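Participant: I have a structure I would like to understand better, so I am pasting it below and will then ask my questions one at a time.
The values are calculated or read from the model by the stated rules, or taken from the named source; none is laboratory data. As the structure is a prediction and not an experimental result, all values here were calculated from the model. With ideal geometry, Cβ positions are generated from the backbone for all residues, glycine too; neighbour counts draw on all protein chains shown.
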Amino acid sequence: MGKKLLIELMKLRDYEKVPVEGVFKQQGYEHSFKTIRELATFQFTCRKCEKAPCVHACPVEALKKDEQGVISRAMYKCIRCKSCIVICPFGTLVDDLFAAKTSGRKFVNLTGEKDMLEFAKHFPEDVVRVVEMEENPEQHIYELTHQILIREQPWK
Ligand code: SF4
Ligand code: SF4
């Protein structure tokens, strides 16, 4: 069994001044990187509101909802106005979720074990750690990618 990252999403989202962002290329967004925090938040934390006020609040139509109700953000359109963050009635989208590479924050492209270790070393073990385990929904542990596990209690 290969090594994986296990991320406690709520703790990572609330981490004060995240020192480093883990990123990878999301399917359909081959030309840009998405942060783990953003992808996991939309996938697991977002309540997938039927009317999605965040989508309607966006002045540049950067947000869209897929057939499963998962929101995604077109980075090339987003002007980081934070309207979606403000309007979300559940506080799903935290203030610095869409930080740009120019924010001075370090970005690590999580492509292999070396990158995972580099990323994990910036956080306490109860936030991010390297593990050898599989997805386990009973413990609220879900696969974001084949190398990244997220612990979060998804909204049902
Ligand atoms: S922060 Fe980006 S995605 Fe959100 S409303 Fe503003 S432009 Fe749209
Ligand atoms: S408003 Fe918030 S909870 Fe609702 S779909 Fe948008 S991000 Fe998700």
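Participant: Of Val60, Val55, Val18, which residue is within 16 Å of Leu97 (Cβ to Cβ) and at pLDDT 95 or above?
Facilitator: Only one candidate passes the filter, namely Val55.
Participant: Something else now. Got a sec? Which of Cys46, Cys58 is in contact with a Ser or Thr (Cβ under 8 Å, 6 or more places away or on another chain), within 7 Å of ligand 1 (Cβ to nearest atom) and not acidic (Asp, Glu)?
Facilitator: Testing whether each residue is in contact with a Ser or Thr (Cβ under 8 Å, 6 or more places away or on another chain), within 7 Å of ligand 1 (Cβ to nearest atom) and not acidic (Asp, Glu) leaves just Cys58.
Participant: Follow-up. Do you know which residues across segment 50-86 are out of contact with any helix residue (DSSP H, G or I) (no Cβ under 9 Å at 6 or more places or on another chain) and within 11 Å of ligand 2 (Cβ to nearest atom)?
Facilitator: Passing the criteria: Glu50, Lys51, Ala52, Gly69.
Participant: Let me ask something else about it. If you check Lys101, Lys82, which single one turns out to be near ligand 1 (Cβ under 8 Å from one of its atoms) and among the basic types (Lys, Arg)?
Facilitator: It is Lys82.
Participant: Go through segment 116-156 and tell me which strands (runs of 3 or more DSSP E), entirely inside it, have 3 or more residues that are over 27 Å from Phe90 (Cα atoms).
Facilitator: In segment 116-156, the matching strands (runs of 3 or more DSSP E) lie at 128-131.
Participant: Looking at Val94, is it touching a helix residue (DSSP H, G or I) at 6+ places or on another chain (Cβ under 6 Å), at pLDDT 85 or above, assigned to a loop (DSSP other than H, G, I, E, B) and within 16 Å of ligand 1 (Cβ to nearest atom)?
Facilitator: Taking the combined requirement at face value, the residue satisfies it.
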